[in-house]
Structures are given as structure tokens and as C-alpha cells.
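Chemist: For reference, the structure I am asking about is given below.
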Amino acid sequence: MSSILNADLHCHSVVSDGTLTPEELAARAHANGVELWALTDHDEIGGQQRALAAARAHGLPYLTGAEISITFAGHTVHIVGLGFDAEDPRMQAGLRQTRGGRGGRAREMSDSLAAVGIHGAYEGALKYAGNPELISRTHFARYLVEAGVCRETNEVFRKYLTEGKPGFVPHRWATLRDAVSWIGDAGGMAVIAHPARYGFTPTEEYALFSEFKTHGGRAVEVVTGSHSAAEYVKYADMAREFGLAASRGSDFHSPDESHTDLGALPFLPGQLTPVWELLADRIQQ
Ligand code: AMP
Ligand code: MN
Ligand code: MN
Ligand code: MN
């Protein structure tokens, strides 16, 4: 398969922190000309059957997906898994364990916000969480907009919920090794999500890519909603340097919040191995 394919292999539904259902996303992907789709909810595969059924109804080829939160060098990093068996018991147990810490973290986030005079944030965020186990910073951000603390969610992440700001609670997620092996052992492919987003030094980034590769990681997102054109070039170079395949995904969450719509990204740059070429036999039609 060519690198000229409108593949969108990263987005979120109400099962994690998106605002559309898996069915609404499938319809939107199809309408926007997506030719290969994956729903990649955070730490959760509860939407996979619905996504696959809806994709089939539109004749849209589908790969199973998830975006796993990990801790690497003291930072939160996201690893996308594609084409794994959603029934795999170790994958399911690993995701359950990763989700497990979110409830307690959310209460601590709420306490931290209360300390600066923002009350009721836990209950407020929970209203936005379609799946209470998946309560996330995004749901808190929506509540802070509703409460009039900020005008939009991007402003929330500038002023709250991030390192050094009120509402931030450090958290230990899965390890890189565990996430990569859950995905690989379940027959899928691990992908480093939006690498430009982590604020790593070149040394830390080199360590992430090398350790990811050592543990069996296979690909990196080169074209994603949060990368600039210069970053497409940088991570295309890194993919070639590390012998990784390349992925493409909008990271679409919501028509009201996301700048990049499903299927609206540039194509992958040339001279890369598209991740869908390696996953050809995992694509469900
Ligand atoms: P959590 O998994 O609870 O830490 O929440 C992380 C989610 O918050 C990400 O998947 C994004 O959807 C959202 N997020 C994090 N940082 C930002 C940001 N700077 N701007 C907008 N959304 C963000
Ligand atoms: Mn998210
Ligand atoms: Mn992410
Ligand atoms: Mn994402």
C-alpha cells in the first residue's frame, strides 16, 4: 500500500475524552474521505466493537486501536497500539490497571483546584466523562470552561492542570516496556504518539526512541494534528534513522475543540514505510 492513503489512525470517542460516539466518528471519517480508520481511546478498548461495526456499515477499512499512557523519564508519554487483538487478556488487564489510578488522581486534582478557590471540580468533570473510569484532564478542562474560569480548553491547559499549575497531580502510568509488549504480544504494532508534544531534550528523545525500539516498538506518528510542517520533516528523518515505520492520525477529540478534523491531514512524506503496509493482514474490512 502506498504512503498516499487517507489513513486516520488516532482519534477519541466518548469512551475516553472525545465528544462524539464511535458511530458518529465512523460517519464523520467516511464523510471526510478517510480510507483506513482506527479509534484510539485513552487506556480503553470498550469502543472497539462499536467502531468496527460502524466502520463496516460504511465500507471503511478498520484497525483496532488504543492510546496507552506511560511514564518515561518522569514524563507522561502516549503509545498508540494498532491492529492488536482486542480480546487479548493481557492487553485487557494492562489497560484495566492503567485506568485504575484515574479516580484517585481526579480527586486529588479537584483538591488542588479547591485550594485556589475552584470548587466542585471532581463532580463537574465527572458529568463530562462518558466513562467514569476514564475521567481525564480533558473533562476537568471542559468543566473549567463551563464554570467560567477560562474561555476555552486550550486556555485551561495554559493556566491549570499542567506541571507547576493548580490542578496538576503527578502520576505514574504504565512503563514503556509493558505498554509495548502488551500491544506486540496481542499481535499489534506500537507507535510513539505525537513525539513533538513531550518537551524532551534531544538526549531524552533519543533515549525514548532507542528504548522503544529495543522493547519491540515499530513506528512513530510523523503526521499528526499537533505537529507543524517542520516537525513532519524532523520525525520523518527520525523514523528513517531508527528504522521505524510512520503513522498518520488527527488526534481528533471534538468538533468544538479540535483544530484538525478527521482525515484532514497532509499525506505522509515519501520514502517512509507506512505503518499500514506492515499491518495489511490486521486490517478488518
Ligand atoms: P490525561 O490522560 O487525564 O492526563 O489527559 C490528557 C488529555 O488532555 C490529552 O489526551 C488531551 O486530550 C488533553 N490535553 C493535554 N494537554 C493539552 C493541551 N495543552 N491542550 C489541549 N488539550 C490537552
Ligand atoms: Mn485526549
Ligand atoms: Mn495523546
Ligand atoms: Mn490522542
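Chemist: If the only charges are +1 at each Lys and Arg Cβ and -1 at each Asp and Glu Cβ, what is the size of the charge dipole of the chain around the Cα centre, to the nearest 20 debye? Display every interim value, and only then the final one.
Modeler: Numbers: 25 positive and 35 negative charges, 75 e Å.
My answer is approximately 360 debye.
Chemist: Percentage of Cα-Cα pair distances in the chain greater than 24 Å, rounded to whole percent?
Modeler: On the way: 19289 of 40470 pairs.
For the chain, the share of Cα pairs beyond 24 Å comes to 48 percent.
Chemist: Also, quick follow-up: Mean residue ellipticity at 222 nm from the helices of the chain, using -39,500 (n - 2.57) per DSSP H segment of n ≥ 4 over the full residue count, to the nearest 500 deg cm²/dmol? Present the calculation step by step, with values, prior to reporting the outcome.
Modeler: Details: 11 runs with 111 residues, N = 285.
Calculated at 222 nm, the ellipticity per residue is -11500 deg cm²/dmol.
Chemist: Connecting C-alpha atoms closer than 10 Å in a GNM of the chain, tell me which of Leu25, Leu39, Leu272 has the biggest fluctuation.
Modeler: Maximum among the listed residues: Leu272.
Chemist: Starting from the alpha-carbon convex hull of the range 47-204, give the projected area averaged over all orientations, in nm². If you can, show how the numbers build up before the last one.
Modeler: On the way: hull surface 42.3 nm².
Projected area, direction-averaged: 10.6 nm².
Chemist: Toward the positive end of the charge dipole of the range 221-285, about the Cα centre and with charges on Cβ (Lys, Arg +1; Asp, Glu -1), which of Phe267, Ala230, Gly243 goes farthest?
Modeler: Of the options given, the answer is Gly243.
Chemist: About the Cα centre of the range 82-202, how large is the charge dipole given +1 on each Lys and Arg Cβ and -1 on each Asp and Glu Cβ? Please answer in debye to the nearest 20.
Modeler: Numbers: 16 positive and 13 negative charges, 70 e Å.
Charge dipole, the range 82-202, about its Cα centre: 340 debye, nearest 20.
Chemist: Using the alpha-carbon atoms, what tilt in degrees (0 to 90, nearest 10) does helix 176-185 show relative to the longest principal axis of the chain?
Modeler: Roughly 50 degrees between the two axes.
Chemist: Still on this structure, I have one more. Just want the answer: with Cβ charges of +1 for Lys and Arg and -1 for Asp and Glu, which residue in Tyr206, Ala280, Gly47 is farthest toward the dipole's positive end in the chain?
Modeler: The one lying farthest along the dipole's positive direction is Tyr206.
Chemist: Principal axis lengths of the range 140-277 from Cα atoms, whole Å, largest first?
Modeler: 47, 33, 31
Chemist: Separate question: For the chain, with the dipole built from +1 on Lys and Arg beta-carbon atoms and -1 on Asp and Glu ones, taken about the Cα centre, which of Thr21, Val220, Thr153 lies farthest toward the positive end?
Modeler: After comparing all options, I get Thr153.
Chemist: Okay, next question. For the chain, which whole-number percentage of the solvent-accessible area (1.4 Å probe, protein heavy atoms only) is attributable to carbon and sulfur atoms?
Modeler: Looking at the chain in its full context, I get 50 percent from C and S.
Chemist: Rounded, prolate or oblate: which one fits the range 119-178, using the alpha carbon gyration tensor with axes a ≥ b ≥ c (rounded when a/c is under 1.5, else prolate when a/b beats b/c, else oblate)?
Modeler: Values: a/c = 2.27, a/b = 1.40, b/c = 1.62.
Since a/c reaches 1.5 but b/c is at least a/b, the shape of the range 119-178 is classed as oblate.
Chemist: Would you mind working out the magnitude of the charge dipole of the range 1-79 relative to its Cα centre, with +1 at each Lys and Arg C-beta and -1 at each Asp and Glu C-beta, to the nearest 20 Debye?
Modeler: In total the dipole reaches around 200 debye.
Chemist: Something else about it: Quick check on the range 1-105: take the gyration tensor over C-alpha atoms, sort the square-rooted eigenvalues as a ≥ b ≥ c, and tell me if it's rounded (a/c under 1.5), prolate or oblate. Could the numbers behind the result be given before it?
Modeler: Numbers: a/c = 1.90, a/b = 1.68, b/c = 1.13.
It is prolate, given that a/c is not under 1.5 and a/b is the larger ratio.
Chemist: Moving to a separate point now. Where only protein heavy atoms count, and the probe is 1.4 Å, what is the accessible area per residue for the chain in Å²? Please list the in-between numbers first.
Modeler: Details: 11780 Å² over 285 residues.
Per-residue accessible area for the chain comes out at 41 Å².
Chemist: Same structure, new question: Which residue fluctuates most in the GNM of the chain (Cα springs below 10 Å): Val233, Val180, Val34?
Modeler: Fluctuation is largest for Val233.
Chemist: Now for a different question. Rounding to the nearest 10 and keeping the result within 0 to 90°, find how far the Cα-based axis of helix 89-100 lies from the longest principal axis of the chain.
Modeler: On a 0 to 90 degree scale, this one is about 30.
Chemist: Could you state the angle between the C-alpha long axis of helix 102-114 and the longest principal axis of the C-alpha atoms of the chain, as a value from 0 to 90 degrees rounded to the nearest 10?
Modeler: The answer is roughly 40 degrees.
Chemist: By the gyration tensor of its Cα atoms, with a ≥ b ≥ c the square roots of the eigenvalues, what is the shape of the range 200-251: rounded for a/c under 1.5, prolate for a/b over b/c, or oblate? Numbers along the way, then the final one.
Modeler: On the way: a/c = 1.81, a/b = 1.40, b/c = 1.30.
Prolate, since a/c reaches 1.5 and a/b exceeds b/c.
Chemist: Still on this structure, I have one more. Net charge near Val77: determine it from the other residues with C-beta under 11 Å of the C-beta of Val77, scoring Lys and Arg +1 and Asp and Glu -1. Don't skip to the answer; put the middle values down first.
Modeler: Values: positive: Arg197; negative: Glu67, Glu204, Glu205, Glu211.
Net charge around Val77: -3.
The values are calculated or read from the model by the stated rules, or taken from the named source; none is laboratory data. Computed from a predicted model, the values in this text were never measured in an experiment. Virtual Cβ from ideal backbone geometry, glycine too; neighbours counted across all protein chains shown. For the accessible areas, the whole protein counts, side chains as well, though only heavy atoms, and no ligand, DNA or RNA atoms are used. Shrake-Rupley method; radii C 1.70, N 1.55, O 1.52, S 1.80 Å.
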